[in-house]
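Laboratory data are not the source of any read-out in this text; all were calculated from the coordinates shown. Source: prediction; values computed, not measured. Neighbour counts run over all protein chains shown; Cβ positions are idealised from the backbone, glycine included.
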Amino acid sequence: MPALLFDLDGTLADTAPDLCAAMNHVLGQYGHPPIGIAAMRAMIGGGARVILQRGFNACGVDITPTELDKATELFLTYYDDNIDVHTKLYPHILSVLEAAQMADIKMAVVTNKREGLSAKLLYRLHIHRYFITLVGGDSLPTRKPDPAPIAEALRRLQVPPQEAVMIGDSEADVEAAKAAGVACVCVSFGYTQTPPAQLGADALIDDFAELIPTLQRLKPTLYSVFDVK
């Protein structure tokens, strides 16, 4: 039984606007000017604390670990209260999820976003029902690019690595997938400072309308279960 593992931020949904609002809320509390959405997109990845560190660095601020901890809690509180104000699913992802579910393909979310926030966002976006399990950034002692989150998702799904594909947008997704022995498809519209074509994924797509044909090229036997009429 094949499986699809999805990253969340920059893959399933464009979360940058709400993350940017949370970032600017925190920066404002510390007396710093806001950052733009384009700059924010380049900062996303690695979890809230890492994102905030990048934000303060962009403002030329050398923040202490203790203050960064406090700022992270401010960020998370604001973001939790405003998690889906502007966040949108990417085009055609719903049709992919529906087709995969109809084909009895097992699906999971593997993200560096905290598990509680991820679960809340999936619910608010009305896509939680497609996924059997969720592995968040705080679900295990390690996060992507470590392969452990992918391995844990596969363990829960009871699917071997060779029968799964990771869909993501970043170096962390590709590195984790490779280390876990899982094929990886990257989207070109996500959040990465590295040009998507240079990430080293097994395939690159510009739109989710391309995903099913891409999966069928990568693993024709497994993904022939899709109805592509």
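For the reader, a short list of remarks on this structure follows.
- Pairs exceeding 27 Å between alpha-carbon atoms, taken from 88/178; 120/178; 113/219; 70/113; 70/178; 120/219: 88/178; 120/178; 113/219; 70/178; 120/219.
- Counting every other Cβ atom within 10 Å of each residue's Cβ, 23, 1, 40, 107 order from fewest to most as 1, 107, 40, 23.
- Computed E for residue 39/residue 95 - FRET, C-beta separation, R0 30 angstrom, nearest 0.05: 0.40
- Inter-label distance, residue 85 to residue 221: 5.1 nm, where each label sits 7 Å from its Cα along the C-beta direction.
- For the range 16-81: Kirkwood Rh in Å [reciprocal of mean 1/r, alpha carbons]: 11.4
- Value of Rg/Rh across the range 160-229 [Cα atoms, Kirkwood radius]: 0.97
- Per residue, the convex hull volume that the Cα atoms of the chain enclose (Å³): 111
- The chain, relative contact order in percent, only Cα pairs under 8 angstrom and at least six apart counted: 24
- Between residue 64 and residue 138, the FRET efficiency from the beta-carbon distance, with R0 = 22 Å, is close to 0.45.
- Ordered by the count of other Cβ atoms within 10 Å of each Cβ, fewest first, 144, 106, 120, 88 give 88, 120, 106, 144.
- Relative exposure of 9, 81, judged by other C-beta atoms within 10 Å (fewest first): 81, 9
- Computed about the Cα centre, the dipole magnitude for the chain is approximately 280 debye when only Lys and Arg (+1) and Asp and Glu (-1) carry charge, each at its Cβ.
- Cα shape, the range 100-229, gyration tensor, a/c 1.5 rule: rounded
- Using C-alpha pairs below 8 Å separated by at least 6 residues, the relative contact order for the range 1-121 is 46 percent.
- Coil-residue GluC sites (Glu not before Pro) of the range 121-213, DSSP, other Cβ within 10 Å capped at 10: none
- Full-extension gain in nm, residue 57 to residue 73, via 0.36 nm per residue minus C-alpha separation: 4.0 nm
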